[in-house]
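K.L.:
Below is a structure I'd like to ask you about.
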Amino acid sequence: MVDHVHSAPRADFVSKPTLRGEKVLLRPVMVDDVPALMPMFRDAEASRLTGSHGDGRPDEARIRTWYDTRRDQDDRLDLAVVEQATGNVIGEAVLNDWDPGNESCNFRICLVPGTYGHGMGTEATRLIVGYGFEELDLHRISLEVYAFNPRARRVYEKVGFAAEGVLRDALLWEGKRVDAAVMSILAPEWFQHRGWPEPAGRTSV
């Protein structure tokens, strides 16, 4: 019997890297980061943009328990986004929903309010996506972005994510149904442009 099944090396999610850029540093997220990250969970606009239906005030104790276990995960990567200039934790970048058979992951990023518009989210996205392709040997990284979040979609496009389609009425938010765009980037695309698909004249987001 001919074995035609591709057997790829298992991605190493156990090792948690530190990734350095010009504006941000990504490192393993820790329970001690929770106070800095809490504004993400308390901000109404952040909840809307991520489609996070809450049931009241976020439970900080439960959130601390979650982050205290992130370093032990062997099927996902949760990194804190740290602003280089101040050393402040300003958000998180995550590769999750790992599908080993198809060598793919989902990506998400969230920053605390007041840190947008300085290019830090874009750089953090490039750093973790590059790690996914260059060190974890992923073939595909995908995400979903809601129609009312064009700023985030622009960030993803700047790094090389391409729109694949639309999930119609994917979110019900305050009585209104909102579409979500499915976007992805593939390893051959990444190795062609390394997260810089556009010519010079880069702007900060």
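The values are calculated or read from the model by the stated rules, or taken from the named source; none is laboratory data. In this text the structure is predicted, and so the values were computed from the model without any measurement. Here the Cβ positions follow ideal geometry from the backbone for every residue, glycine too, while neighbour counts run over all protein chains shown. Ligands, DNA and RNA are excluded from the accessible area calculation, which covers all protein heavy atoms including side chains. Shrake-Rupley method; radii C 1.70, N 1.55, O 1.52, S 1.80 Å.
K.L.:
Are there any pairs, at least 6 apart or on different chains, whose C-beta atoms fall under 7 Å, with the first in the stretch 67-78 and closer than 16 Å to residue 33 by Cα and the second part of a helix (DSSP H, G or I), and if so, which?
P.N.:
67/31; 67/33; 67/34; 68/31; 78/70
K.L.:
Could you list, in sequence order, all residues of the stretch 43-71 that are surrounded by 15 or more Cβ atoms within 10 Å (Cβ to Cβ), within 19 Å of the chain's Cα centre (by Cα) and part of a helix (DSSP H, G or I)?
P.N.:
If the condition is that a residue be surrounded by 15 or more Cβ atoms within 10 Å (Cβ to Cβ), within 19 Å of the chain's Cα centre (by Cα) and part of a helix (DSSP H, G or I), then 46, 47, 48, 49, 50, 63, 67, 70 are the ones that fit.
K.L.:
Looking only at helices (runs of 4 or more DSSP H) that fall completely inside the stretch 113-200, which ones have 1 or more residues that are open to solvent by 30 Å² or more (accessible area, probe 1.4 Å) and either farther than 26 Å from residue 10 by Cα or in contact with a Leu (Cβ under 6 Å, 6 or more places away or on another chain) (or both)?
P.N.:
120-134, 150-159
K.L.:
Continuing with this model, one more query. Go through the stretch 63-122 and give me each residue that's among the polar types (S, T, N, Q) and either farther than 25 Å from residue 157 by Cα or touching a strand residue (DSSP E or B) at 6+ places or on another chain (Cβ under 9 Å) (or both). Before you say what the answer is, go through the steps one by one.
P.N.:
Kept after step one, since they are among the polar types (S, T, N, Q), are these residues of the stretch 63-122: 65, 69, 73, 84, 86, 88, 96, 102, 104, 106, 115, 122.
Answer for the stretch 63-122, where residues must be among the polar types (S, T, N, Q) and either farther than 25 Å from residue 157 by Cα or touching a strand residue (DSSP E or B) at 6+ places or on another chain (Cβ under 9 Å) (or both): 65, 69, 73, 84, 86, 88, 96, 102, 104, 106, 115.
K.L.:
Another one. Looking at residue 78, is it open to solvent by 60 Å² or more (accessible area, probe 1.4 Å), modelled with pLDDT of 95 or more and assigned to a strand (DSSP E or B)?
P.N.:
no
K.L.:
May I pose another question? Part of a helix (DSSP H, G or I), modelled with pLDDT under 95 and open to solvent by less than 80 Å² (accessible area, probe 1.4 Å): is that true of residue 11 in this structure?
P.N.:
No; evaluated as a whole, the condition is false for this residue.
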